[in-house]
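Structure record follows, encoded as structure tokens.
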Amino acid sequence: MSALDLGVKKLQVHGDSSLVINQVGGSWKIKSQSLALYQTRVEELEKYFEDIRYVHLPREENQFANALSKLAAWINIPDHIDSMSICVKQRSSPAYVNVINDAEESEIEPWYTAVLKFKETGEYPPDLDTRGKCALRMLSVQFIKTDDERLYKKTAQGVLL
């Protein structure tokens, strides 16, 4: 459901791309012809609102939206479903700790097995669909395999976790 469908008259749009927010907001000029088409559509939609503001939100403050976009890339929603609810619960410990504690080691492979194999051989698990393969590629970029055969998560600054 969109803001127009809900009858919203005043809208505040948050985005973590400074370039897009400044271009859509009119502060910066759009040079790309393909992006100009999107700008035209945005201008058409703006007419339906009394007030619309574009706010740049740094990526580190936009974690929930980033998590939702990654979730959307992983989940395949059937065509006959119009909407799907998501329940978010705050936990006292990281989610992976609960998963590890709930499963016997002999029952499942560790979560990182697919990432490690993809880093080593470039092969996907046989049961992955196109979205799953895309998600695995995106996830594997965040990890590095060291000479001592260990898998580390790499921060944007290059620090190994």
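Would you check which residues across region 133-161 are of a type in the set (Val, Ile, Thr) and loosely packed, with under 12 Cβ neighbours inside 10 Å and list them? Spell out how you get there, then give the answer.
Within region 133-161, the first condition is being of a type in the set (Val, Ile, Thr), and the residues that meet it are 141, 144, 146, 155, 159.
Result: VAL141, THR146, THR155, VAL159.
Among what's in region 44-60 and is at pLDDT below 90 and loosely packed, with under 11 Cβ neighbours inside 10 Å, pick the residue that is farthest from ALA156 (Cα to Cα). Full working, then the answer.
Within region 44-60, the subset at pLDDT below 90 is 57-60.
Now narrow it down to the ones that are loosely packed, with under 11 Cβ neighbours inside 10 Å: 58, 60.
Numbers: PRO58: 15, GLU60: 12 Å.
This residue is PRO58.
Could you identify the single residue in ARG41, ARG91 that is loosely packed, with under 11 Cβ neighbours inside 10 Å, more than 25 Å from SER140 (Cβ to Cβ) and either of a type in the set (Asp, Glu) or at pLDDT below 80 (or both)? Step through it out loud before you land on a result.
On the way: ARG41 fails: either of a type in the set (Asp, Glu) or at pLDDT below 80 (or both).
Criteria check complete, one pass: ARG91.
Consider VAL13 against the criteria (1) within 24 Å of MET84 (Cα to Cα); (2) free of Cβ contacts under 8 Å to residues at least 24 places away in the same chain; (3) surrounded by 14 or more Cβ atoms within 10 Å (Cβ to Cβ): it satisfies all of them except one. Which criterion is unmet?
Among (1) within 24 Å of MET84 (Cα to Cα); (2) free of Cβ contacts under 8 Å to residues at least 24 places away in the same chain; (3) surrounded by 14 or more Cβ atoms within 10 Å (Cβ to Cβ), VAL13 violates only (2).
Only one of ASP5, ASP16, ASP51 is charged (D, E, K, R) and touching a strand residue (DSSP E or B) at 6+ places or on another chain (Cβ under 6 Å); which?
On the way: ASP5 fails: touching a strand residue (DSSP E or B) at 6+ places or on another chain (Cβ under 6 Å); ASP16 fails: touching a strand residue (DSSP E or B) at 6+ places or on another chain (Cβ under 6 Å).
Being charged (D, E, K, R) and touching a strand residue (DSSP E or B) at 6+ places or on another chain (Cβ under 6 Å) holds for just one of ASP5, ASP16, ASP51, which is ASP51.
Out of the residues in region 16-51 that are aliphatic (A, V, I, L, M) and under 27 Å from MET84 (Cα atoms), state the one that is farthest from the chain's Cα centre (by Cα). Steps first, please.
Residues of region 16-51 aliphatic (A, V, I, L, M): 19-21, 24, 30, 35-37, 42, 45.
Still in the running and under 27 Å from MET84 (Cα atoms): 42, 45.
Numbers: VAL42: 22, LEU45: 25 Å.
Looking at the filtered set, the residue picked out is LEU45.
Right, LEU116: within 22 Å of LEU136 (Cβ to Cβ), among the hydrophobic types (A, V, I, L, M, F, W, C), at pLDDT 80 or above and in a helix (DSSP H, G or I) or not?
Values: within 22 Å of LEU136 (Cβ to Cβ): yes; among the hydrophobic types (A, V, I, L, M, F, W, C): yes; at pLDDT 80 or above: yes; in a helix (DSSP H, G or I): yes.
Yes, satisfied.
With the requirement that a residue be without any contact (Cβ under 8 Å) to a residue 24 or more places away in the chain and not aromatic (Phe, Trp, Tyr), what does region 18-30 give you?
From region 18-30, those without any contact (Cβ under 8 Å) to a residue 24 or more places away in the chain are 19-20, 23, 26-30; that's our starting set.
Hits for region 18-30 are LEU19, VAL20, GLN23, GLY26, SER27, LYS29, ILE30.
The values are calculated or read from the model by the stated rules, or taken from the named source; none is laboratory data. This structure is a prediction, so every number in the text was calculated from the model and none was measured. Cβ coordinates were reconstructed from backbone atoms using ideal geometry, including for glycine residues, and neighbour counts include every protein chain displayed.
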